[in-house]
Amino acid sequence: MKIEQVELRHIEMELVEPFETSFGREVLRPAIIISVKADGLTGWGECVAGAGPWYSYETIQTAWHVLNDFLIPYLWEGPFTKIDEVIQRWSRVRGHSMAKAGLEAALWDLLAQASKKPLAKMLGGTKERVASGVSIGIHENIPALLKTIHKRVDEGYCRVKLKVKPGWDENILGPVRKEFQKILLMADANAAFNLSHKALLKNLDQFNLIMIEQPFSYDDLVDHAELQREIKTPICLDESIKSSRDARQAQQLKSCRIINIKQGRVGGPSEAKKIHDFCLENKIPVWCGGMLETGIGRAHNVALASLPGFTLPNDLSASNRYYKEDIIEPSFELNSDGTLSVPTGPGIGVHVLQDRLKRFTREQKVFHA
Ligand code: OSB
Ligand code: MG
């Protein structure tokens with residue numbers, strides 16, 4: 001395959017409601033939409049870096065720089081038959097996983113289209129539908145939170161994840177569990193706690209959570225192992241797992257019992273699949289995390305989540321939970337069984353709406369071979 005053109009678009013889309021986590025509050029979600037062209041086909045990818053270095057060190061600006069100055073130039077070194085060859089070329093670039101992941105995803109879409117296969121099948125997917133969970137941010141107060149949970153449960157989401165932080169922890173999980181005794185419930189701290197909070201975290205065992213996600217520092221494996229030895233609730237790692245090597249070390253250290261796989265965080269679909277394969281072999285359940293993606297990133301995530309090891313509900317909600325107008329067609333809708341359908345057309349299997357994409361674009365750059 002010989003790439004003829006690459007295009008980067010820095011876009012900005014307004015969320016239907018602000019999303020607050022332990023690291024901040026988002027109203028406008030930026031992204032870099034990446035398209036690659038070859039043989040009359042266009043492949044699409046999305047870079048999930050944030051406006052600031054809060055979730056990880058990457059930002060829209062660092063990703064743009066790394067794509068522009070380093071990753072895209074590697075494509076011009078010559079044609080390739082496998083995506084692994086491109087990954088090999090840019091293996092010299094340390095880190096910058098989100099920048100790599102967005103471009104690699106676009107190449108996967110292109111390759112799948114050229115092979116006339118759905119991306120899900122190219123990746124080894126086996127499911128027609130993926131379980132859809134919803135991630136609910138920090139609210140003003142408990143009644144407002146309960147109201148949002150009621151709305152989401154009524155819509156049919158099959159799992160509820162609540163963002164927590166010191167001061168918005170057992171005091172909210174107690175009333176929520178009391179009101180919703182049966183739901184699959186979990187908490188995500190986005191690294192807001194540390195070992196000094198061990199007693200508080202042990203106390204969460206009483207709420208029958210299916211897991212607690214990333215309680216400790218974004219790069220920690222050791223303190224998590226200490227906590228996991230002392231609590232019954234399974235720990236799930238998100239931020240700490242940046243590669244398949246991290247997944248292996250987390251398993252050796254017993255830092256967690258569940259892993260959240262995000263292709264942006266781990267450097268692309270290929271590394272995400274490696275983590276999936278390792279976890280499947282070692283009986284570690286995984287699920288697909290989200291970064292408030294547009295329909296393009298969501299389509300990539302849904303394809304990934306169709307792999308057999310994704311046995312827990314994913315952070316993959318319907319398009320309208322995130323944005324009033326998505327940039328793809330058809331948008332993702334929640335099925336009555338609390339799932340999203342895996343698209344069956346070639347590539348990511350959704351159509352990109354050019355007029356909307358243009359409307360949300362803040363900056364654009366085209367690169368030629
Ligand atoms: O930690 O999973 C996270 C969104 C932005 C950054 C980090 C996270 C999240 C979410 C949203 O929880 C999940 C989604 O896209 O539905
Ligand atoms: Mg998380």
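The table below gives the values:
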item: Computed P(r) (all Cα pairs; segment 229-304; 5 Å bins; percent); result: 3, 16, 30, 24, 14, 8, 3, 1, 0
item: Segment 121-341 - Debye-derived log10 I(q)/I(0), Cα point model, q = 0.10, 0.14, 0.16 Å⁻¹; result: -0.42, -0.85, -1.11
item: Reach of K358 by Cα under 12 Å, taken over aspartates and glutamates that are not fewer than 8 positions away in the same chain; result: E12
item: Charge dipole magnitude, Cβ of K and R +1, D and E -1 - segment 219-305, Cα centre, debye nearest 20; result: 300 debye
item: Ranked W44, W76, W287, criterion: other C-beta atoms within 10 Å, fewest first; result: W76, W287, W44
item: Calculated Rg and Dmax of segment 1-152 using C-alpha coordinates, Å; result: 18.3, 58
item: Relative contact order [Cα under 8 Å, 6+ residues apart], the chain, whole percent; result: 23 percent
item: Under 18 Å from the Cα of K202 - aspartates and glutamates, other chains or at least 8 residues apart; result: D169, E170, D188, E213, D223, E226, E230
item: Sorted peptide list for 209-217, 1-9, 316-324, criterion being average Cβ within 10 angstrom, highest first; result: 209-217, 316-324, 1-9
item: Unit charges on C-beta of K, R, D, E only; dipole of segment 121-341, Debye; result: 420 debye
item: Highest to lowest packing among 196-207, 234-245, scored as the average C-beta count within 10 Å; result: 234-245, 196-207
item: Across K2/K100; K147/K283; K165/K198, pairs whose alpha-carbon gap is larger than 25 Å; result: K147/K283
item: Separation in nanometres of the label points that stand 7 Å from Cα toward Cβ, at E179 and Q252; result: 4.5 nm
item: Rel. contact order, % - alpha carbon contacts under 8 angstrom, at least six apart, segment 34-74; result: 22 percent
item: Per-residue Cβ neighbour rank within 10 angstrom, fewest leading, E329, E26; result: E329, E26
item: Percentage relative contact order, segment 250-369, counting C-alpha pairs under 8 Å, at least six apart; result: 20 percent
item: Residue among L357, G338, S135 farthest towards the positive dipole end of the chain, charges placed on Cβ; result: G338
item: Cα radius of gyration and Dmax for the chain (Å); result: 19.7, 60
item: Fewest-first sequence of T344, T233 by Cβ atoms within 10 Å of each Cβ; result: T344, T233
item: Modelled label reach - V222, point 7 Å along Cα→Cβ, segment 167-196 residues with backbone N closer than 11 Å; result: none
item: Model label zone, D337; criterion: amide N under 17 Å from point 7 Å along Cα-to-beta-carbon; scope segment 122-163; result: 126-133, 156-159
item: Magnitude of the charge dipole, the chain, Cβ model with Lys/Arg +1 and Asp/Glu -1, debye to 20; result: 560 debye
item: P(r) tail fraction, segment 103-222 - alpha-carbon pairs more than 21 Å apart, %; result: 51 percent
item: Formal net charge of residues neighbouring I327 (Cβ-Cβ distance under 11 Å; K, R +1; D, E -1); result: -1
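Read the figures in this text as sums done on the coordinates, not as results from a lab. Source: prediction; values computed, not measured. All Cβ positions, glycine included, derive from the backbone under ideal geometry; neighbour counts span all protein chains shown.
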